[in-house]
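Participant: Please see the structure below; I have some questions.
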Amino acid sequence: MMNQPLLISALIRHADTCHGDTEIVTRLTEGGIHRYGYRDAHRRARQLARALLRLGVALGDRVGTLAWNNYRHFEIYYATSGVGAICHTINPRLFPEQIAYIVNHAGDRLVFFDLTFGKLVETLRPLCPGVEHWVLLTDRAHFPGGASTALCYEELLAAESDDYEWPAFSEETAAALCYTSGTTGNPKGVLYSHRSTVLHAYAINLPDVMGLSARDTALPVVPMFHVNAWGLPYAAPMVGAKMVLPGPGLDGASLCELYAAERVTISAGVPTIWLNTLAHLREKQIRLPLPHRTIIGGAAASPALIHALETEQGIEVRHGWGMTETSPACTINTFLAKHAAQSTEARDMVHAKQGRIVPGVELRIVDDAGRELPRDGTAFGELQVRGHWICREYFKSEGGNILRPGGWFATGDVATLDGDGYMRIVDRTKDIIKSGGEWISSIEIENIALGHPAVAGSAVIGLPHEKWGERPLLVIVKRAGHDVTAEQMLEFLRPRIAKWWLPDAVVFTDAIPLTGTGKVYKTKLRQIYAGYYTKNPEAA
Ligand code: ADP
């Protein structure tokens, strides 16, 4: 057989050849909607490739982006990787000092940024002297006066022809770079190769994973700076699915407008996005067009959320698990034929799991001594993964190889596995609550609490406790127009969990702090409520 390298440029070339008119629709940062087809996207990516080369970008160079999901960001994905450079997507929601650290650590030579981030870039400039050019992602007409030293994206493109052939190089060449958000310690860079990215795209297009097709319209709510929008910007052109990019409009109203107007058939995002969107759908009594399947991951999707989306909207929920280090797709939840005959309760149990193992990766769970535990759905231990798109070591890390014997990557999550390949996350190692020598799953209590009709958001954290080591505290955000007391909340939990799992106290708040990727910021919560049980001995 021929041995052709697996290169990202082949994906956009294929989309141009076979799906040239299939649209990419963008809600613009400048306002309004932009639409064009894969043929135009490919043409502009080639123009941008020439512009990059003219600016001196060479094989292996890092090119940063501070941008929403939009068509220009999509062009940067393909132009940078296509010329053999590395597309480094940066999470703009991090603190400026963290972003500066990331830009400097990556050694970005260029940074492309959206209009939204003009102010941020002014803060970053003096902190990132290595960046040769800052490029504003707009045309001259939308250029703000103050950012005059930035280059204009549309002018860069206009100056170039599209006469460019994507070069061939080793499939192991780095294509993209993403830093973990570093809730503990400095952010760490994960470098994806052309090979890992293309194989991951093939895998997520399998019917039991995300299963995109040329008849789908895909809307990644998950940002292109969060693990490459989970691979959708590669998987969609691979099969010619229409793409809808929501830009900065991630609120319920903006998303629902796009879901309906563009007849979106597949979406993807973290649970908090769906909690907000669901609140909007309920308030306005909107029914979204069907069919719609949604991939929820990045944090645990509660059974209550899955149930609400399916029964109130008819949306098919596919719960998935992954991390920045795993590209991310490792498991995704779809049913097996045998589940059709089972009771609703039994199916709900299956459905709440993080899903079955995606072919191309292997999963196992181990005990503290590193011994593999049984795949019986009950035993739980640290989850380890290995496969074609799993990180071997961090970018420029002094530690080098981080793998365990046998080439396994230790995820820091605690999980169960069963004989059908379903994985269930019990908790993150650092969030699991250790009480009197036993473990309490914070996720499980949160999920049950979310089943209460008055609860819009929940978080459970372990706080230091004199007698037990740690005890759980339940933090609740009430649903608008609903009321519940701490005692009623505990009454609701009591019959549903083991006695010693019952939180010692319930506190109410207006908003639970979220991380830059929209997950519950537990480190922050632990700081806020530190000493709660020592200061309120009657609660403990
Ligand atoms: P971070 O959350 O640190 O910003 P990642 O986006 O890489 O970084 O998140 C990976 C982590 O998110 C996993 O290790 C796991 O703890 C959590 N996670 C991802 N998907 C799920 C899920 N479906 N259920 C529970 N936890 C999840």
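The values are calculated or read from the model by the stated rules, or taken from the named source; none is laboratory data. Everything numeric here is computed off the predicted structure, so don't read it as measured data. Backbone-built Cβ (ideal geometry, glycine too); neighbour counts: all protein chains shown. All accessible areas refer to the heavy atoms of the entire protein, side chains included, with ligands and DNA or RNA removed. Shrake-Rupley method; radii C 1.70, N 1.55, O 1.52, S 1.80 Å.
Participant: Once amide H atoms are built 1.01 Å from N in the peptide plane, which residues 5 or more positions from A268, or in another chain, come under 5 Å H to H?
Facilitator: L219, V221, V222, I295
Participant: A further question follows. Enter the accessible area per residue of region 332-488 (Å², integer; probe 1.4 Å; all protein chains in place).
Facilitator: On a per-residue basis, 47 Å².
Participant: Once every Cα of region 431-535 carries one equal point scatterer and solvent is ignored, give the base-10 log of I(q)/I(0) from the Debye formula at q = 0.10, 0.17, 0.24 Å⁻¹, two decimals.
Facilitator: -0.25, -0.75, -1.45
Participant: What FRET efficiency comes out for L59 versus D251 if R0 is 45 angstrom and r is the Cβ-Cβ distance? Round to the nearest 0.05.
Facilitator: 0.65
Participant: Just to be sure I follow the definition: excluding the sites themselves, where is the longest run in the chain that has none of the trypsin sites (Lys or Arg not before Pro) in a DSSP loop with at most 11 other Cβ atoms within 10 Å?
Facilitator: Counting only loop sites that pass the neighbour cut-off, the longest clear stretch is 1-214.
Participant: Related question: Place a +1 charge on the Cβ of each Lys and Arg in region 431-535 and a -1 charge on the Cβ of each Asp and Glu, then give the dipole magnitude about the Cα centre in debye, rounded to the nearest 20.
Facilitator: 160
Participant: Oh, and also: Taking only protein heavy atoms and a 1.4 Å probe, what accessible area per residue, in Å², does region 16-109 have with all protein chains in place?
Facilitator: Dividing the accessible area of region 16-109 by its residue count gives 31 Å².
Participant: Here is a further query. Arrange the residues L6, L110, L290 by how much accessible surface each exposes, largest first, with a 1.4 angstrom probe.
Facilitator: Largest accessible area first, the list is L290, L6, L110.
Participant: Carbon and sulfur atoms: what percent of the 1.4 Å accessible area of region 431-535 do they account for?
Facilitator: For region 431-535, the apolar C and S fraction of the accessible surface comes to 54 percent.
Participant: At 25 °C and 0.890 mPa s, grab the translational diffusion coefficient of the chain from Stokes-Einstein with a Kirkwood Rh over Cα pairs, rounded to a whole number in µm² per second.
Facilitator: D = 101 µm²/s.
Participant: Defining a contact as two alpha carbons under 8 Å apart and six or more residues distant in sequence, what relative contact order in percent does region 1-74 show?
Facilitator: 27
Participant: Shifting gears a bit: Nearest 0.05, what FRET efficiency do N104 and E372 give at R0 = 41 Å with Cβ-Cβ as r?
Facilitator: Given R0 = 41 Å and the Cβ-Cβ separation, E is 0.50.
Participant: Identify the GluC sites (Glu not before Pro) of region 147-223 meeting these criteria: DSSP loop state and at most 16 other C-beta atoms within 10 Å of the C-beta.
Facilitator: E165, E172
Participant: Right, next: Under a straight-distance cross-link criterion of Cα-Cα below 30 Å, which lysines are reachable from K478, leaving out those fewer than 8 residues away in the same chain?
Facilitator: K284, K353, K430, K434, K499, K519, K522, K524, K535
Participant: Another question, if that's okay. How far is helix 194-204 tilted, in degrees, relative to the longest principal axis of the Cα atoms in the chain, given as a value from 0 to 90 rounded to the nearest 10?
Facilitator: The angle comes out near 50 degrees.
Participant: Please work out the FRET efficiency for the pair Q488 and H142, using the Cβ-Cβ distance as r and a Förster radius of 60 Å; give the result to the nearest 0.05.
Facilitator: 0.70
Participant: I would also like to ask the following. For D510 and Q285, compute 0.36 nm times the residue count separating them, minus their Cα-Cα distance, and round to one decimal in nm.
Facilitator: Stretched fully, the D510-Q285 segment lengthens by 78.6 nm.
Participant: If you don't mind, another one. Show the residues, 5+ positions off or on another chain, whose built amide H is closer than 5 Å to the amide H of H465.
Facilitator: E470, R471
Participant: Roughly how tilted is helix 252-261, in degrees to the nearest 10 and between 0 and 90, from the longest Cα axis of the chain?
Facilitator: Between helix and principal axis, roughly 60 degrees.
Participant: Report relative contact order for region 431-535 in percent, whole number only (criteria: Cα-Cα under 8 Å, sequence separation at least 6).
Facilitator: Computed value for region 431-535: 27 percent relative contact order.
Participant: Leaving out ligands, DNA and RNA, what percent of the accessible area of region 11-131 is carbon and sulfur, probe 1.4 Å?
Facilitator: Carbon and sulfur atoms account for 54 percent of the accessible area of region 11-131.
Participant: Which whole-number percentage describes the relative contact order of region 8-192, with Cα contacts under 8 Å and a sequence gap of 6 or more?
Facilitator: 22
Participant: While we're looking at this one, here's another question. Translational diffusion coefficient of region 4-100 at 4 °C, 1.567 mPa s, Stokes-Einstein with Kirkwood Rh over Cα pairs, in µm²/s as a whole number.
Facilitator: In µm²/s, the coefficient is 90.
Participant: Quick one: pull the percent of accessible area on region 250-344 belonging to carbon and sulfur, 1.4 Å probe, ligands and nucleic acids left out.
Facilitator: Carbon and sulfur atoms account for 54 percent of the accessible area of region 250-344.
Participant: For region 8-192, just run the numbers: alpha carbon Rg, then divide by 2.2 N^0.38 Å, N being how many residues it has.
Facilitator: 0.99
Participant: Let me ask something else about it. If you take every DSSP beta bridge whose two residues both sit in the chain, what share of them, in percent to the nearest 5, is antiparallel?
Facilitator: Here the antiparallel bridges make up roughly 55 percent for the chain.
Participant: Now a separate question. With every protein chain present, what is the per residue accessible area of region 120-257 (1.4 Å probe, Å²)?
Facilitator: Averaged over the residues of region 120-257, the accessible area is 35 Å².
Participant: Helix 96-106: angle to the longest alpha-carbon principal axis of the chain, degrees 0 to 90, nearest 10?
Facilitator: Compared with the principal axis, the helix lies near 60 degrees.
Participant: Another question about this same structure. Of the DSSP beta bridges with both residues in region 8-192, give the percent that are antiparallel, rounding to the nearest 5.
Facilitator: Antiparallel: roughly 35 percent of the beta bridges in region 8-192.
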